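These notes are about the structure you will find just below.
The values are calculated or read from the model by the stated rules, or taken from the named source; none is laboratory data. Computed from a predicted model, the values in this text were never measured in an experiment. All Cβ positions, glycine included, derive from the backbone under ideal geometry; neighbour counts span all protein chains shown.
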Amino acid sequence: MDKEVKILAIESSCDETAAAVVVNGRNVLSNVISSQIDLHTLYGGVVPEIASRKHTERINQVIEEALTTAGVGLQDIDAVAVTYGPGLVGALLVGVAEAKAIAYAAKKPLVPVHHIEGHISANYIENKDLEPPFMCLVVSGGHTHLVNVVDYGKYEILGRTRDDAAGEAFDKVARAIGLGYPGGPKIEKKAHEGNPDAIKFPRAVIADSEYDFSFSGLKSAVLNYINMAAMKGETVNEADIAASFQKAVCDVLIEHGIRAAKEHNVKKFAIAGGVSSNGTLREAFRVACEKEGITFYHPSPILCTDNAAMIGAAGYYEFIKGNVGDWSLNAIPNLKLGER
């Protein structure tokens with residue numbers, strides 16, 4: 001497409017209120033994120049009702065800032081893209097309602113975007129040479145998906161978590177050893193002080209689905225280790241627990257990911273989602289991919305967390321295929337990847 005297509009994108013699936021302006025799915029003119037992390041830290045995790053209220057308070061200002069930073073007005077926008085699932089239903093509804101109102105008032109097409117598709121598409125922004133097909137591992141607080149990206153908007157889900165997502169396990173283990181919320185960055189920081197081979201935590205294998213994940217057993221093993229030490233009056237080494245737990249998670253993610261890439265003869269591998277900003281995981285994937293002759297891609301940390309630039313990237317490819325919504329668009333909290 002020769003014409004520049006500018007997408008105003010809105011993301012509000014969890015606890016970040018975000019808006020961005022993205023050109024042709026790759027060039028970001030603005031990417032504004034209003035995080036609620038300090039507020040939810042008080043409660044040890046995201047409180048859905050509070051998240052929804054904060055989205056309502058901030059969404060207009062965030063969108064105005066995104067447009068101003070990009071130097072455009074609504075008349076310059078070609079379409080409005082919005083996350084409509086999966087996520088917290090109240091939070092999603094704020095973004096969907098806002099996007100519908102703007103699209104209606106400005107007479108612009110409305111583009112529904114799947115949140116996980118957004119995470120995958122974050123890789124297009126900084127990796128201009130990346131084109132499907134490629135393998136992508138999406139790891140976040142709510143999702144762990146191993147996806148064969150066959151084409152733009154065409155996905156084959158090879159594996160997903162059977163229970164806790166990887167990021168959820170990070171949060172729960174961090175809470176158990178007294179590090180607090182959010183767990184991912186706190187575990188990673190603490191792990192630098194510990195020995196990743198100090199404790200042999202389990203790596204789950206799903207017998208009937210080789211690419212699926214399970215982290216609840218690992219989480220339980222960590223909790224049992226801590227409780228047994230307490231019963232015996234022993235002091236635990238928090239750094240060793242953090243490092244050993246993190247290594248167990250990374251080992252499983254890398255083993256599944258590399259095996260999937262090799263078995264599907266894919267020479268490009270990308271990671272996405274909040275947990276993909278983990279430096280230990282990135283480096284381990286880089287080494288594993290290099291060993292197998294696979295080109296490794298990843299977004300910058302700011303594009304790993306929930307943001308609207310990734311929604312604008314995904315929205316562009318949906319828009320040029322004609323996948324637009326109407327005024328009946330609603331939030332779908334349990335939306336599956338590939339569904340519309």
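Across the range 69-103, which residue is surrounded by the most Cβ atoms within 10 Å (Cβ to Cβ) among those that are under 17 Å from the mean Cα position of the chain (by Cα) and closer than 15 Å to residue 22 by Cβ?
Here the answer is 83.
Contact list please: Cβ distance under 7 Å, first residue in the range 200-227 and more than 15 Å from residue 243 (Cα to Cα), second residue surrounded by fewer than 17 Cβ atoms within 10 Å (Cβ to Cβ) and of a type in the set (Val, Ile, Thr), pairs at least six apart or on different chains.
212/206; 214/206
Suppose we filter the range 144-165 for residues that are of a type outside the set (D, E, K, R) and either at pLDDT below 90 or outside the structural domain of residue 242 (by TED's automatic domain parsing) (or both); how many remain? Let's see the steps before the verdict.
The first filter runs over the range 144-165 and keeps only residues of a type outside the set (D, E, K, R), leaving 144-150, 152-153, 155, 157-159, 161, 165.
Those still in the list that are either at pLDDT below 90 or outside the structural domain of residue 242 (by TED's automatic domain parsing) (or both) too: 165.
Of the residues in that region, 1 qualify.
Do the conditions hold for residue 198, that is, is it under 24 Å from residue 306 (Cα atoms) and not basic (Lys, Arg)?
Details: under 24 Å from residue 306 (Cα atoms): no; not basic (Lys, Arg): yes.
Criteria not met by residue 198.
Checking the conditions here, which among 201, 296, 215, 245 is aromatic (Phe, Trp, Tyr), under 26 Å from residue 134 (Cβ atoms) and at pLDDT 95 or above? Full working, then the answer.
On the way: 201 fails: under 26 Å from residue 134 (Cβ atoms); 215 fails: at pLDDT 95 or above; 245 fails: under 26 Å from residue 134 (Cβ atoms).
Matching residue, one of 201, 296, 215, 245: 296.
Considering each residue of the range 144-163, count those that are in a loop (DSSP other than H, G, I, E, B) and buried (at least 23 other Cβ atoms within 10 Å of the Cβ), and give that number.
Restricting attention to the range 144-163, the residues satisfying the condition of being in a loop (DSSP other than H, G, I, E, B) are 152-153, 162-163.
Now narrow it down to the ones that are buried (at least 23 other Cβ atoms within 10 Å of the Cβ): none.
Going through the range 144-163 one residue at a time, the tally reaches 0.
Filter the range 310-340 down to residues that are farther than 13 Å from residue 120 by Cβ and of a type in the set (A, V, I, L, M) and give me whichever is surrounded by the fewest Cβ atoms within 10 Å (Cβ to Cβ).
Only one residue fits best here, namely 320.
With the range 264-340 as the region, which helices (runs of 4 or more DSSP H) entirely inside it contain at least 2 residues that are assigned by TED's automatic domain parsing to the domain that holds residue 105 and under 18 Å from residue 150 (Cα atoms)? Let's see the steps before the verdict.
Working: elements: 279-292, 301-304, 309-320.
The qualifying helices (runs of 4 or more DSSP H) are 309-320.
Please list, ordered by first then second residue, the pairs with beta carbon atoms under 7 Å, 6 or more apart or interchain, first in the range 170-194 and farther than 20 Å from residue 273 by Cβ, second modelled with pLDDT of 95 or more and of a type in the set (S, T, N, Q).
194/237
Residue by residue through the range 275-302, note down the ones that are surrounded by 24 or more Cβ atoms within 10 Å (Cβ to Cβ), closer than 28 Å to residue 62 by Cβ and not β-branched (Val, Ile, Thr).
Of everything in the range 275-302, those that are surrounded by 24 or more Cβ atoms within 10 Å (Cβ to Cβ), closer than 28 Å to residue 62 by Cβ and not β-branched (Val, Ile, Thr) turn out to be 276, 278, 299.
Filter the range 101-124 for residues that are out of contact with any strand residue (DSSP E or B) (no Cβ under 6 Å at 6 or more places or on another chain) and either among the β-branched types (Val, Ile, Thr) or in a helix (DSSP H, G or I) (or both) and give the result. Break it down into steps so the answer makes sense when it comes.
Our first condition is that a residue be out of contact with any strand residue (DSSP E or B) (no Cβ under 6 Å at 6 or more places or on another chain); within the range 101-124, this holds for 101, 104-107, 114, 117-118, 121, 124.
Matches in the range 101-124: 101, 104, 105, 106, 117, 118, 121, 124.
Conditions tested, residue by residue: (1) free of Cβ contacts under 8 Å to residues at least 60 places away in the same chain; (2) part of a loop (DSSP other than H, G, I, E, B).
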{"residue": "40", "(1), (2)": "no, no"}
{"residue": "44", "(1), (2)": "no, yes"}
{"residue": "49", "(1), (2)": "yes, no"}
{"residue": "53", "(1), (2)": "yes, no"}
{"residue": "57", "(1), (2)": "yes, no"}
{"residue": "60", "(1), (2)": "yes, no"}
{"residue": "63", "(1), (2)": "yes, no"}
{"residue": "72", "(1), (2)": "no, yes"}
{"residue": "75", "(1), (2)": "yes, no"}
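Count, please, the residues in the range 20-63 that happen to be surrounded by fewer than 17 Cβ atoms within 10 Å (Cβ to Cβ), more than 18 Å from the chain's Cα centre (by Cα) and among the small types (Gly, Ala, Ser).
Counting residues in the range 20-63 that are surrounded by fewer than 17 Cβ atoms within 10 Å (Cβ to Cβ), more than 18 Å from the chain's Cα centre (by Cα) and among the small types (Gly, Ala, Ser) gives 1.
Being assigned by TED's automatic domain parsing to the domain that holds residue 189, surrounded by fewer than 22 Cβ atoms within 10 Å (Cβ to Cβ), touching a residue at least 60 places away in the same chain (Cβ under 8 Å) and part of a helix (DSSP H, G or I) narrows it down to one residue among 260, 239; which is it? It would help to see each step written out before you state the result.
Working: 239 fails: touching a residue at least 60 places away in the same chain (Cβ under 8 Å).
Only one candidate qualifies: 260.
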